[in-house]
Amino acid sequence: MARNVHKIAKRLGATVVDRVPDAGGGAFGAARLAKIFQARLQPSQGQRPGRPTDPSWVLHPKVPMSQATMQKLTQLANQASTADRKVSPMQVAAQLLEMSLGEERQD
Amino acid sequence: MGDMADRFQADKAESTLLVLFIPSVDRDEQPIDQESWVGQSLELLGREFGGATAFPQARGVWRDDARGGRLVFDEPVIIQCYTSEQAIEQGADRLRDFLVRMGRDTNQGAVGLVIDRDYLEIRFPVREVTDG
């Protein structure tokens, strides 16, 4: 992220709308993240499949967070959802955690 | 970044990505002279930041919240420019003037840009329709 983005935004008369999720950066990052969700998340099996999820997510720990973070996650989830595939805010959170820790491991 | 530039024997290593979206339609989905605005954008980015690359038309959609969430579909040209934060700060006034002029002259609801991982918008009010 640019260190002085808020200063630059003020100079441009612009509003910082959101952070592009960590999916490679640049204009294509957001689209890439949406594609990641749509490609990776699969509907659960059974009579009444629920929201699509990553089959490797077998743990369900409770993660505390602020209202602001929850709002951002909800926004991202809405952006990543399609008519056929709904993505939940906590699926976004899980994906972001997986991606950032995956990057950490590569460093 | 410096190490990588050394390894490739590169003379230039800019680390901030600036992305502009050049719309194809106005907020009423009427076509605009996109080609002219792409040319002007490249000229500005070349002059201010040393270069830029325009990618062929993509397909996009933008939600016009000022008009009840109406969706505006267009085919923007995406322009990427590798530069530095310092250069963006130095050229901010000219970049802003250009983006505001483009937004106003082509009747956009907003002009979007990306700086590294942040998406920014310059928003424009809905124009009043006057009779006569």
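Taken together, the values in this text are just the output of simple stated rules run on the coordinates, not laboratory data. Here the structure is a predicted model, which is why all the values come from computation and not from measurement. We place every Cβ from the backbone using ideal geometry, glycine too, and count neighbours over all the protein chains shown.
Taking θ as phi - 60° and the Karplus parameters 6.51, -1.76 and 1.60, the scalar couplings of region B:90-105 work out to 5, x, 4, 5, 6, 5, 4, 4, 5, 5, 5, 5, 4, x, 6, 5 Hz in sequence order, x denoting glycine and proline.
Modelled label positions at B:VAL100 and A:HIS6, each set 7 Å beyond Cα in the direction of Cβ, lie 2.2 nm from each other. Backbone phi angles across region B:37-43, fed through the Karplus curve with coefficients 6.51, -1.76 and 1.60 (θ = phi - 60°), yield HN-Hα couplings of 6, 5, x, 5, 5, 4, 4 Hz in residue order; Gly and Pro are listed as x.
Taking amide H as placed 1.01 Å from N in the peptide plane, the amide H of B:ILE32 sits under 5 Å from that of B:VAL25, B:ASP26, each at least 5 places away or on another chain. By the beta-carbon count within 10 Å of each Cβ, the least crowded to most crowded order of B:ARG96, B:ARG67, fewest first, is B:ARG67, B:ARG96. If you find the alpha carbon centre of region B:17-31 and of region B:90-112, how far apart are they in angstrom? For region B:17-31 versus region B:90-112, the Cα centre distance is 11 Å.
The convex hull of the Cα atoms of region B:14-123, projected and averaged over all directions, covers 6.3 nm².
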